[in-house]
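The values are calculated or read from the model by the stated rules, or taken from the named source; none is laboratory data. Because the structure is predicted, anything quoted here is derived from the model rather than measured. Cβ placement follows ideal geometry from the backbone for every residue including glycine, while neighbour counts extend to all protein chains displayed. Heads up: the accessible areas ignore ligands, DNA and RNA and are worked out on the full protein's heavy atoms, side chains in. Shrake-Rupley method; radii C 1.70, N 1.55, O 1.52, S 1.80 Å.
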Amino acid sequence: MNFLAHAWLAHPGDDGFLYGNLIADGVKGSDLSAWSLSVARGIRHHRRVDAWVDQHPSVVMAKQRAPKAQRRYAGIALDIVWDHFISRQQAGTDQHQLIERCYQLLSAQPAPQRLATMMPVMVEQDWLRRYADFDFTCRAVAGLGQRLTGPNRLAELVPWLYDDYAALEAHFSVLWTECCETLTSDGAAG
């Protein structure tokens, strides 16, 4: 899952919990003592969601549909594509308020070093709303691939994402329903 998905799953929690979910990919290691309890719970929740999603049958099937040469990168692309489907499915006032809350949190305190340069750009360019546009989403996938070493395997996946859009949306629908039922959290438990 990507930023918008993690935000939806964490939004019932307090701001620290939501912030922890948003910045978790930038936090290395298991020692979370540098963070408040609420942020640490958010980081752990994010990691639990990622582990659960990676093993979900819908994600496994979607990855198997990817071109074989790029299959090992499909999970990265799908995480971003899931935000596209969420953006479209959850469109409305609640999503607008959630995105504004995320942007306020990310603007009020710096993200960990690994995300420090990206987060201000995400807020300034309004990525969370722009994921509703599939062309933007695919540019984000290809752009992330530029940050990896070697050939841009994520950019090579973009034609597949367009061609397999309907099947990916069907996989997402099953995934998201089960994810919301299983992993939406208010942050009260670690």
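Taking Asp94 and the conditions (1) among the acidic types (Asp, Glu); (2) open to solvent by less than 40 Å² (accessible area, probe 1.4 Å); (3) within 24 Å of Asp14 (Cα to Cα), which numbered condition does it fall short on, given that it satisfies the others? Unmet condition: (2).
Restricting attention to segment 105-150, the residues that are aromatic (Phe, Trp, Tyr) and over 13 Å from the mean Cα position of the chain (by Cα) add up to 2.
If I go through segment 97-108 residue by residue, how many of them are open to solvent by less than 70 Å² (accessible area, probe 1.4 Å) and either in contact with a helix residue (DSSP H, G or I) (Cβ under 8 Å, 6 or more places away or on another chain) or not in a helix (DSSP H, G or I) (or both)? Residues that pass the stated criteria total 7. Only one of (1) touching a helix residue (DSSP H, G or I) at 6+ places or on another chain (Cβ under 6 Å); (2) hydrophobic (A, V, I, L, M, F, W, C); (3) without any contact (Cβ under 8 Å) to a residue 24 or more places away in the chain fails for Val121. Which number is that? Only one criterion is unmet by Val121, namely (1).
Contact map, segment 130-144: residues that are of a type outside the set (Gly, Ala, Ser) paired with residues that are part of a helix (DSSP H, G or I) and open to solvent by 30 Å² or more (accessible area, probe 1.4 Å), Cβ distance under 6 Å, separation 6+ or inter-chain. Pairs shown: Phe136/Arg130.
Name every residue in segment 42-89 that is of a type in the set (S, T, N, Q) and surrounded by fewer than 17 Cβ atoms within 10 Å (Cβ to Cβ), in order of residue number. Working first, answer last.
First, the residues of segment 42-89 that are of a type in the set (S, T, N, Q): 55, 58, 64, 70, 87, 89.
Within segment 42-89, Gln55, Gln64, Gln89 meet the criteria.
Could you look through segment 11-31, keep only residues that are more than 11 Å from the chain's Cα centre (by Cα) and within 16 Å of Leu115 (Cβ to Cβ), and pick out the one that is surrounded by the most Cβ atoms within 10 Å (Cβ to Cβ)? Before you say what the answer is, go through the steps one by one.
Filtering segment 11-31 down to residues more than 11 Å from the chain's Cα centre (by Cα) leaves 11-20, 26-31.
With the extra rule that they be within 16 Å of Leu115 (Cβ to Cβ), the set shrinks to 18-20, 26-29.
Working: Leu18: 26, Tyr19: 26, Gly20: 29, Gly26: 15, Val27: 23, Lys28: 9, Gly29: 6.
Restricting to residues being more than 11 Å from the chain's Cα centre (by Cα) and within 16 Å of Leu115 (Cβ to Cβ), the top hit is Gly20.
For segment 129-170, the tally of residues that are open to solvent by 40 Å² or more (accessible area, probe 1.4 Å) and not in a loop (DSSP other than H, G, I, E, B) stands at 15.
Only one entry of Arg47, Arg71 meets the criterion of being among the basic types (Lys, Arg), closer than 23 Å to Val123 by Cα, over 11 Å from the mean Cα position of the chain (by Cα) and in a helix (DSSP H, G or I), and that entry is Arg47. The sole residue among Ala24, Ala34 that is of a type in the set (A, V, I, L, M), without any contact (Cβ under 8 Å) to a residue 40 or more places away in the chain and assigned to a loop (DSSP other than H, G, I, E, B) is Ala34.
Under the condition of being among the aliphatic types (A, V, I, L, M) and under 20 Å from Ala116 (Cα atoms), which residue from segment 32-41 is most open to solvent (accessible area, probe 1.4 Å)? Among those that are among the aliphatic types (A, V, I, L, M) and under 20 Å from Ala116 (Cα atoms), it is Ala34.
Scan segment 6-16 and tell me whether some residue there is of a type in the set (Asp, Glu) and at pLDDT below 95. Scanning segment 6-16, I find no residue that is of a type in the set (Asp, Glu) and at pLDDT below 95, so the answer is no.
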